[in-house]
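> Dropping the structure in here first, questions after.
Read-outs: derived from the displayed coordinates by stated rules, not from any lab. The structure presented is a predicted model; accordingly, all values stated were derived computationally and were not measured. Counting neighbours? That spans all protein chains shown, and the Cβs are built from the backbone with ideal geometry, glycine included.
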Amino acid sequence: MTTETITMDIHEILTRLPHRYPILLVDRVVELVKGERIRAIKNVSINEPFFLGHFPHRPVMPGVLILEAMAQAATLLALRSMDMVLDDKSVVYFAGIDGARFKRPVEPGDQLVLEVTLGRAKAGIYKFSARALVGDQLAAEAELMCTMRRLDA
């Protein structure tokens, strides 16, 4: 049995994630295997608005945004695994972050490779193992938990 590998360009990502500039942090999905894993890319540019203040003398991508990029990749994995597209009444929230570690700074010009593996999905809670790499160097890692909720209007 062959496992289908899925890719996504920015146009498909925009149809699946509600995020928009300046908080959309996934540019491309290079590999997605439903129910298993995703490998996505965030191209880090000096034009990112957070670099104006973090830090003007030595621009570094904030760790919390690296975690957010990993969570967005995790959301794409979960949604595509279920063949689901979010509507205006649905959101995906962080439910937890465990074991977050930052190993190297992410700077303008870096290509952040987001590798996320689905650990389990139970009772609407999804648990993922996530890593962010620059080249072959680990920049950050964490265990992420997310949940999908319907918004009450």
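> What Kirkwood radius, in Å to one decimal, follows from the Cα pairs of region 74-153?
Over region 74-153, the inverse of the mean reciprocal pair distance is 13.9 Å.
> Under the rule of -39500 (n - 2.57) per DSSP H run of 4 or more residues, summed and divided by the residues of the chain, what mean residue ellipticity at 222 nm is obtained, to the nearest 500 deg cm²/dmol?
When only DSSP H runs of four or more count, the value is -5500 deg cm²/dmol.
> About the Cα centre of the chain, how large is the charge dipole given +1 on each Lys and Arg Cβ and -1 on each Asp and Glu Cβ? Please answer in debye to the nearest 20.
Charge dipole of the chain: 340 debye, to the nearest 20.
> Non-local amide H neighbours of residue 119 (under 5 Å, H modeled in plane, Pro and chain starts lacking H): which ones?
For residue 119, the qualifying residues are 127, 128, 129.
> Nearest 10 degrees is fine. How inclined is helix 63-81 to the longest principal axis of the chain, computing both from alpha carbons?
20 degrees
> Which GluC sites (Glu not before Pro) in region 7-65 sit in a loop by DSSP (not H, G, I, E or B) and have at most 16 other Cβ atoms within 10 Å of their own Cβ?
36
> Have a look at 75, 117, 15 and tell me which one the Gaussian network model of the chain (Cα, springs below 10 Å) gives the largest fluctuation.
Ranking 75, 117, 15 by mean-square fluctuation puts 15 first.
> May I have the count of lysine pairs in the chain with C-alpha atoms under 21 Å apart, counting pairs 8 or more residues apart or located on different chains?
Eligible lysine pairs with Cα atoms under 21 Å apart amount to 4.
> To continue, here is another question. Jot down the radius of gyration and Dmax of region 6-150, Cα atoms only, both in angstrom.
For region 6-150, the Cα radius of gyration and maximum Cα-Cα distance read 14.5, 46 Å.
> Only four residue types carry charge here, +1 at the Cβ of Lys and Arg and -1 at the Cβ of Asp and Glu. Report the dipole size of region 1-84 about the Cα centre in Debye, rounded to the nearest 20.
Here region 1-84 has a charge dipole of around 160 debye.
> Return the whole-Å distance between the Cα centroid of region 80-136 and the Cα centroid of region 11-29.
A separation of 13 Å, based on Cα centres.
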